[in-house]
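Colleague: Would you mind keeping the following structure in view while I ask a few things?
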Amino acid sequence: MEIYVDPDRCIGCEICVDTCPDIFEMQADGLSHVKKDAAACDPGGCCEEAAELCPTDAIFIDGKPR
Ligand code: SF4
């Protein structure tokens with residue numbers, strides 16, 4: 001699944017990084033980004049959980065926020 005963090009929505013709370021460190025990382029701008037060498041975002045995996053926990057719906061999976 002394709003995953004994307006919208007920088008206009010992310011508030012840098014780090015929930016996604018704590019939930020799914022294989023996919024997300026904090027960068028110098030204080031926001032979460034998808035790692036360049038991110039593991040696959042599998043259905044039912046931690047990236048979906050992170051997207052559901054994100055307080056601002058900043059994580060898009062296959063083009064849609066969760
Ligand atoms: S959980 Fe959402 S708001 Fe928090 S750092 Fe991750 S993408 Fe940003």
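The values are calculated or read from the model by the stated rules, or taken from the named source; none is laboratory data. It should be emphasised that the depicted structure is a prediction, and the values quoted were computed from it without experimental measurement. Quick reminder, even Gly has a Cβ in these numbers, built from the backbone with ideal geometry, and neighbours come from all protein chains shown.
Colleague: Which count do you get for residues in region 25-42 that are within 11 Å of CYS54 (Cβ to Cβ) and more than 6 Å from the ligand (Cβ to nearest atom)?
Modeller: Qualifying residue count, region 25-42: 0.
Colleague: I need the strands (runs of 3 or more DSSP E) fully contained in region 1-46, keeping only those with at least 1 residues that are farther than 16 Å from ASP57 by Cβ. Show your work before the answer.
Modeller: On the way: elements: 3-5, 24-26, 32-34.
In region 1-46, the matching strands (runs of 3 or more DSSP E) lie at 24-26, 32-34.
Colleague: A further question on this structure: When you look at CYS20, is it within 11 Å of the ligand (Cβ to nearest atom) and not charged (D, E, K, R), yes or no?
Modeller: Yes.
Colleague: Which one is farthest from the ligand (Cβ to nearest atom) among residues in region 2-17 that are β-branched (Val, Ile, Thr) and surrounded by 14 or more Cβ atoms within 10 Å (Cβ to Cβ)?
Modeller: ILE3
Colleague: Moving on. Output yes when any residue across region 21-36 is modelled with pLDDT under 95 and loosely packed, with under 12 Cβ neighbours inside 10 Å, and no when none is.
Modeller: There is at least one residue in region 21-36 that is modelled with pLDDT under 95 and loosely packed, with under 12 Cβ neighbours inside 10 Å.
Colleague: Right, here's the next one. In region 47-59, what residues are within 12 Å of the ligand (Cβ to nearest atom), buried (at least 17 other Cβ atoms within 10 Å of the Cβ) and not in a loop (DSSP other than H, G, I, E, B)? Before you say what the answer is, go through the steps one by one.
Modeller: Step one: list which residues in region 47-59 are within 12 Å of the ligand (Cβ to nearest atom), which gives 47, 49-59.
Then keep just the ones that are buried (at least 17 other Cβ atoms within 10 Å of the Cβ); that gives 47, 50-51, 54, 58-59.
Selection gives CYS47, ALA50, ALA51, ILE59.
Colleague: Hey, among the residues in region 17-44 that are among the polar types (S, T, N, Q) and closer than 19 Å to GLU2 by Cβ, which one's nearest to the chain's Cα centre (by Cα)? Explain how you work it out, then say what you get.
Modeller: In the first step, residues of region 17-44 are kept if they are among the polar types (S, T, N, Q); the result is 19, 27, 32.
Of the ones still in play, those that are also closer than 19 Å to GLU2 by Cβ are 19, 32.
Numbers: THR19: 9, SER32: 7 Å.
The qualifying residue nearest to the chain's Cα centre (by Cα) is SER32.
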